[in-house]
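S.K.: Dropping the structure in here first, questions after.
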Amino acid sequence: MQTFPTTESTFLLPGGAGDIEVLTTPHDETHTDLKKATAIICHPHPLFGGTMHNKVVTTLARVFRDIGLRSMRFNFRGVGKSAGTHDEGRGEVDDLLILIQWIKKLFPDEDIWLAGFSFGAYVATKAAMQVSPKQLVTIAPQVSRFKEDDLTRVTCPWLLVQGEQDEVVSAEEVFAWIETLPHKPDVIRMPTASHFFHGQLLELRRLLEERLQ
């Protein structure tokens, strides 16, 4: 594939362990303020059912389309039609970097945004340490995974969303972790939201669009 599809499309691209299954969503051409940028979205943990069709990931894709970006989602290794096996974030970051390079070849003068939910937020943040995207968006990040990582390398604008009723990722741990960061993200706290934002997806979408416009 040498072009970005003009309609929402699923296809395979070569990755570090074989094919990567991707889902692309083009610009909304009726949008009055199209941005010269592509957002790449990372899904939650594959060993616990995470895929690129996750509802929070889909919500992010809709947000990006609504604010004038094109987007790409992809299945991590061993999920859907993506080759390989789960690699605890190492291979997943490598595949994300490969996809960033694919986008950069298509649009060399445009920006990259990175986003992720839960485990995917960890993967997106790790990649942001290397590529410095225009914007980083992390939702319910698994902050316990950041051990020896040099988070001073995350210097881009950063938006973090955390539900305060999260039953998977400790909200208190996330907020305490934020206080240790040299470059603190802009934070949206959702007092009644659980990890998967059940019954809160429309509110999540509204808040993201409001903050990212």
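S.K.: Is region 33-40 home to any residue that is more than 15 Å from Val123 (Cα to Cα), open to solvent by 10 Å² or more (accessible area, probe 1.4 Å) and in contact with a Pro (Cβ under 8 Å, 6 or more places away or on another chain)? Steps first, please.
M.R.: Applying the first criterion (more than 15 Å from Val123 (Cα to Cα)) to region 33-40 yields 33-38.
Remaining after also requiring open to solvent by 10 Å² or more (accessible area, probe 1.4 Å): 33-36.
Filter again for in contact with a Pro (Cβ under 8 Å, 6 or more places away or on another chain), leaving none.
The answer is no, given that none of the residues of region 33-40 is more than 15 Å from Val123 (Cα to Cα), open to solvent by 10 Å² or more (accessible area, probe 1.4 Å) and in contact with a Pro (Cβ under 8 Å, 6 or more places away or on another chain).
Conditions (1) over 18 Å from Gly89 (Cα atoms); (2) touching a residue at least 12 places away in the same chain (Cβ under 8 Å); (3) out of contact with any strand residue (DSSP E or B) (no Cβ under 9 Å at 6 or more places or on another chain), marked per residue:
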residue: Lys126; (1), (2), (3): no, yes, yes
residue: Leu136; (1), (2), (3): no, yes, no
residue: Ile139; (1), (2), (3): no, yes, no
residue: Phe146; (1), (2), (3): no, yes, yes
residue: Asp149; (1), (2), (3): no, yes, yes
residue: Thr155; (1), (2), (3): yes, yes, yes
residue: Trp158; (1), (2), (3): yes, yes, no
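S.K.: Test of understanding: among Gly89, Gly80, Gly16, which residue is modelled with pLDDT of 95 or more and more than 26 Å from Glu203 (Cβ to Cβ)?
M.R.: Sole residue among the options that is modelled with pLDDT of 95 or more and more than 26 Å from Glu203 (Cβ to Cβ): Gly80.
S.K.: Restrict the check to region 41-48 and report whether at least one residue is of a type in the set (Phe, Trp, Tyr), touching a strand residue (DSSP E or B) at 6+ places or on another chain (Cβ under 7 Å) and on the phi < 0 side of the Ramachandran plot. Before you say what the answer is, go through the steps one by one.
M.R.: Residues of region 41-48 that are of a type in the set (Phe, Trp, Tyr), as a first pass: 48.
Remaining after also requiring touching a strand residue (DSSP E or B) at 6+ places or on another chain (Cβ under 7 Å): none.
Taking every residue of region 41-48 in turn, none turns out to be of a type in the set (Phe, Trp, Tyr), touching a strand residue (DSSP E or B) at 6+ places or on another chain (Cβ under 7 Å) and on the phi < 0 side of the Ramachandran plot.
S.K.: Collect the residues in region 163-187 that are closer than 23 Å to Gly49 by Cα and either touching a residue at least 40 places away in the same chain (Cβ under 8 Å) or not polar (S, T, N, Q) (or both), keeping them in residue-number order. Steps first, answer last, please.
M.R.: First pass over region 163-187, keeping only residues closer than 23 Å to Gly49 by Cα: 163-171, 174.
If the condition is that a residue be closer than 23 Å to Gly49 by Cα and either touching a residue at least 40 places away in the same chain (Cβ under 8 Å) or not polar (S, T, N, Q) (or both), then Gly163, Glu164, Asp166, Glu167, Val168, Val169, Ala171, Val174 are the ones that fit.
S.K.: So how many residues does region 188-213 have that are aliphatic (A, V, I, L, M), open to solvent by 10 Å² or more (accessible area, probe 1.4 Å) and in contact (Cβ under 8 Å) with a residue 40 or more places away in the chain?
M.R.: Number satisfying all stated conditions: 3.
S.K.: Moving on. Cβ-Cβ below 6 Å, separation at least six or inter-chain, first residue in region 107-123 and within 20 Å of Arg62 (Cα to Cα), second open to solvent by 10 Å² or more (accessible area, probe 1.4 Å) and of a type in the set (Val, Ile, Thr): which pairs?
M.R.: Qualifying pairs under 6 Å: none.
S.K.: Right, here's the next one. Yes or no: region 22-35 includes at least one residue that is farther than 14 Å from Gly80 by Cβ, at pLDDT below 95 and of a type in the set (Lys, Arg). Steps first, answer last, please.
M.R.: The initial filter retains those residues of region 22-35 that are farther than 14 Å from Gly80 by Cβ, namely 24-35.
Subsequent filtering for residues that are at pLDDT below 95 retains 27-35.
Next, only the ones that are of a type in the set (Lys, Arg) stay: 35.
Yes, region 22-35 has at least one match.
S.K.: Identify all residues within region 47-88 that are surrounded by 18 or more Cβ atoms within 10 Å (Cβ to Cβ), charged (D, E, K, R) and assigned to a helix (DSSP H, G or I); write none if there are none.
M.R.: Arg65
S.K.: If the requirement is being touching a Pro at 6+ places or on another chain (Cβ under 7 Å) and farther than 29 Å from Glu29 by Cβ, which of these qualifies: Gly89, Gly84, Gly78, Gly120?
M.R.: On the way: Gly89 fails: touching a Pro at 6+ places or on another chain (Cβ under 7 Å); Gly84 fails: touching a Pro at 6+ places or on another chain (Cβ under 7 Å); Gly120 fails: farther than 29 Å from Glu29 by Cβ.
The unique qualifying residue is Gly78.
S.K.: Select the strands (runs of 3 or more DSSP E) contained entirely in region 89-187, then report the ones holding at least 3 residues which are surrounded by fewer than 14 Cβ atoms within 10 Å (Cβ to Cβ) and touching a Phe, Trp or Tyr at 6+ places or on another chain (Cβ under 6 Å). Spell out how you get there, then give the answer.
M.R.: Details: elements: 111-117, 135-139, 158-163.
In region 89-187, there are no strands (runs of 3 or more DSSP E) which contain 3 or more residues that are surrounded by fewer than 14 Cβ atoms within 10 Å (Cβ to Cβ) and touching a Phe, Trp or Tyr at 6+ places or on another chain (Cβ under 6 Å).
S.K.: I've got another one for you. Leu13 fails exactly one of the following numbered conditions: (1) aliphatic (A, V, I, L, M); (2) over 13 Å from the mean Cα position of the chain (by Cα); (3) assigned to a loop (DSSP other than H, G, I, E, B). What is the number of that condition?
M.R.: Leu13 satisfies every listed condition except (3).
The values are calculated or read from the model by the stated rules, or taken from the named source; none is laboratory data. Since the structure is predicted, the reported quantities are computational estimates derived from the model, not experimental observations. Positions of Cβ are backbone-derived with ideal geometry, glycine not excepted, and every protein chain shown enters the neighbour counts. Quick note on the areas: whole protein, heavy atoms, side chains included, nothing else; ligands and nucleic acids left out. Shrake-Rupley method; radii C 1.70, N 1.55, O 1.52, S 1.80 Å.
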